[in-house]
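The structure appears right after this line, and notes come after that.
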Amino acid sequence: MSGGLLTTSVGSFPKPDYLAQARNEFSLKRISRQELAELERKATAEVIRLQEDVGLDILVHGEMERGDMVAYFAEQLTESMAIGGLVRSYGNRYYRKPIITGKLRWQGPMTVEMWRYAQSLTDKPVKGMLTGPYTMVDWSFDEYYGDRVQAVLDMAAVMHKEAAELDKAGARYIQVDEPAASTRLDEMDLVSQGLSIVTQGLQAKTITHICYGDFARAFQQIVNLPVDQLDIETANSGYDLLELFRRDRFGKELAMGVVDVHNRRIETVEEVVAGIRRGLEVMPPQRLYIDPDCGLKTRTWDEAEAKLRVMVQAVRQVRRELGMD
Amino acid sequence: MLTTVVGNYPKIPNRPRPPKLRAAISRFERGEIGADELRRVEDEVTLEVIQEQVEAGVDIITDGQIRWEDDQTYLARRMDGFSIDGLIRYFDTNTYYRQPLVEGPVRWREPVLVADYEFAAKQSPVPVKALVTGPYTLAALSANHHYGSLRELVLALAVELRNEVLALERAGARIIQVNEPAILQQKEDFPLLRQALEGMMDGLRAEAHLYTWFGDIRGLYPQILELPFAAIGLDFVKGPANWDVIARQPFTKKLGLGVIDARNTKLEAVEEIVDLVRRASAVVTPDMLYVNPSCGLEYLPREAAQAKLTRMVEGVRRAREVLA
């Protein structure tokens, strides 16, 4: 791990078939919560083993216990949130959109047990993974607040409590994802305010992953978000986003995506090397992390593994060229 | 004062009702059923959502756009000049559509919406309006790899989509609604929008409606009243500034009053709806009002969508009594 260009991944991994099946069985009440939880742990162990085998530096637990990044938390905030009906996301895909029904309040740890389990399986650091308060609120219906600002601030207090629990448990990296952040530029201050509440006073290094948005227009606000590391997708835009960092000095850490998660095609090592070199034009290796563009859950297990192997091979080649190994 | 909807309706219900359309599309994609069988299920679901709108008491309905994967690709896939690319976020929602790519001259081949309109109109006991995505919005939400400018693409689409509008009119559509939400995001393009729509709607005898959503018309008023439409639909939920805007000058057309929040499950109270209608009545006489949700209903679960419509109709009934 000398000198930088550490490799990691954004968060989710594809669920093995047996787990996808078990989740379905559980929703039909054919298997118990206990039986499902055992399979989630089995799959988590496989995700950790895969990342160790591929040779990543900072691991994720893979989110085997989560269906949807918002619903996972909403389901546990039983006093203030409910899971609503199906809403279409795109094409023939639907999700259950949560509803805020009362004053948001942290009821107990939601992610610590699974993090602890994943961390117990490896000596490499495993990231704690949270959904940001702005995204939690933006992707839920609100039948209680009628005021987005208050809802986000209360949700931020909930997520801060959760982050503090992960911190206490020993997580060295805590990632707070805000994929909804770049949707509305006029609310970037609210995104930032929410994140500053979540990350306040943590020992862990904090990260936020931003995607889908009009990144260029929101650039100034995004780089000022109160986290130690910004994680962005760059491969799927032909690395054009990096140009923004050329113009403005960026003092934090940057994790850049070098494989496109929405595409089946496995990138070549040469392509990824070229991408990393572009990253190195704007960031020193000590502050540059290499990962996929986004969570890998939309790929098959084999595609995810192949993409990660190419990524690690490319990083090794660049490290050799720079005399880092 | 009539009630209507803006466009789409949720495609699948929640348990215990079966998600027929989702299942049929999956089976179609796996090659287990053919296009005819898929069409049959689409017909069946269209009948269900017509029934739900009628049950709620809505005066003028749509076919729910059950067959549309989104407002862009349903047209783009059936015209020449487009291919369909990757997923992209629809405005500020958490809903995504596949972006049309313009790769050659756009050309209307044959009616896209006429059979859908005829089916719905024949089956519905209340009037059905036909919906067309406007040339500006279709262009703005596509990637233009062929024309030299957005302007050229918009004007070309207006010429082609005119064929669709005329075909709908010939098929008997008495209300034809053109949707142009994208203009609220790029207001400086208003002269282009005007030129495109003036050409596209020229000489049309059907009652033409222009609907917008997810914003306000600050900066477009009163010019928007000069466009060749009998009614203009505005979103007062995401565009609360519309209240002040329409109070500034007489609103000389029918107003599509989008005051029922179609992006949140929380039901408006009847009295709240009465107040909103009363507020609008200060600017537009009640007989010039269409009361409707703020946008299409697909951002809600199916049952919540119907509950919203039922409440809207209750509110409007009460408003009619109060204002009479």
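Looking at B:Ile33, is it in a loop (DSSP other than H, G, I, E, B) and facing chain A (nearest Cβ under 9 Å)?
Working: in a loop (DSSP other than H, G, I, E, B): yes; facing chain A (nearest Cβ under 9 Å): no.
It is false that B:Ile33 is in a loop (DSSP other than H, G, I, E, B) and facing chain A (nearest Cβ under 9 Å).
Working only within the stretch B:88-117, note down all residues that are at pLDDT below 95, among the basic types (Lys, Arg) and assigned to a loop (DSSP other than H, G, I, E, B).
none
Quick test for you: out of A:Ala156, A:Ala164, A:Ala180, A:Ala169, pick the one residue that is of a type outside the set (Val, Ile, Thr) and in contact with an Asp or Glu (Cβ under 8 Å, 6 or more places away or on another chain). Outline the logic, then answer.
Working: A:Ala156 fails: in contact with an Asp or Glu (Cβ under 8 Å, 6 or more places away or on another chain); A:Ala164 fails: in contact with an Asp or Glu (Cβ under 8 Å, 6 or more places away or on another chain); A:Ala169 fails: in contact with an Asp or Glu (Cβ under 8 Å, 6 or more places away or on another chain).
Checking each option against the conditions leaves just A:Ala180.
Take the residues in the stretch B:232-259 that are in contact with a strand residue (DSSP E or B) (Cβ under 6 Å, 6 or more places away or on another chain) and assigned to a loop (DSSP other than H, G, I, E, B); name whichever of them is surrounded by the most Cβ atoms within 10 Å (Cβ to Cβ).
Restricting to residues being in contact with a strand residue (DSSP E or B) (Cβ under 6 Å, 6 or more places away or on another chain) and assigned to a loop (DSSP other than H, G, I, E, B), the top hit is B:Phe236.
Spot the failing condition for B:Arg151; the list is (1) charged (D, E, K, R); (2) surrounded by 15 or more Cβ atoms within 10 Å (Cβ to Cβ); (3) part of a strand (DSSP E or B), and only one is missed.
Here B:Arg151 clears every test but (3).
Quick one: would you say B:Ala304 is of a type in the set (A, V, I, L, M, F, W, C), in a helix (DSSP H, G or I) and within 11 Å of chain A (Cβ to nearest Cβ)?
yes
For the stretch B:278-288, give me the residue count where each residue is in contact (Cβ under 8 Å) with a residue 40 or more places away in the chain and either surrounded by 23 or more Cβ atoms within 10 Å (Cβ to Cβ) or over 24 Å from B:Leu131 (Cβ atoms) (or both).
Filtering the stretch B:278-288 for residues in contact (Cβ under 8 Å) with a residue 40 or more places away in the chain gives B:278, B:281, B:286-287.
Filter once more, keeping what is either surrounded by 23 or more Cβ atoms within 10 Å (Cβ to Cβ) or over 24 Å from B:Leu131 (Cβ atoms) (or both): B:278, B:281, B:286.
Looking only at that region, the number is 3.
Only one residue in A:Ala82, A:Ala74 is touching a strand residue (DSSP E or B) at 6+ places or on another chain (Cβ under 7 Å), surrounded by fewer than 21 Cβ atoms within 10 Å (Cβ to Cβ), of a type in the set (Gly, Ala, Ser) and within 14 Å of chain B (Cβ to nearest Cβ). Which one? Please lay out each step first, then the result.
Working: A:Ala74 fails: surrounded by fewer than 21 Cβ atoms within 10 Å (Cβ to Cβ).
Criteria check complete, one pass: A:Ala82.
Which number in (1) in a loop (DSSP other than H, G, I, E, B); (2) under 17 Å from the mean Cα position of the chain (by Cα); (3) small (Gly, Ala, Ser) marks the one condition that B:Gly219 misses?
Here B:Gly219 meets the rest and fails (2).
Say we look at the stretch B:1-14 and pick out the residues that are more than 9 Å from every other protein chain (Cβ to nearest Cβ) and either surrounded by fewer than 22 Cβ atoms within 10 Å (Cβ to Cβ) or modelled with pLDDT under 95 (or both); which of these is nearest to B:Arg40 (Cα to Cα)? Please lay out each step first, then the result.
Quick first cut of the stretch B:1-14, residues more than 9 Å from every other protein chain (Cβ to nearest Cβ) only: B:1-9.
Now drop any that are not either surrounded by fewer than 22 Cβ atoms within 10 Å (Cβ to Cβ) or modelled with pLDDT under 95 (or both), which leaves B:1-2.
Working: B:Met1: 35, B:Leu2: 32 Å.
Ranking the qualifying residues of the stretch B:1-14, first place goes to B:Leu2.
Under 8 Å by Cβ, and 6 or more places apart or on different chains, what pairs join a residue from the stretch A:40-54 that is part of a helix (DSSP H, G or I) with one that is basic (Lys, Arg)?
Filtered contacts from the stretch A:40-54: A:Ala43/A:Lys15; A:Gln51/A:Lys124; A:Glu52/A:Lys124; A:Val54/A:Arg309.
The values are calculated or read from the model by the stated rules, or taken from the named source; none is laboratory data. Keep in mind it's a predicted model, so treat the numbers as computed, not measured. Please note: Cβ atoms are built from the backbone with ideal geometry, for glycine as well, and neighbour counts cover all protein chains shown.
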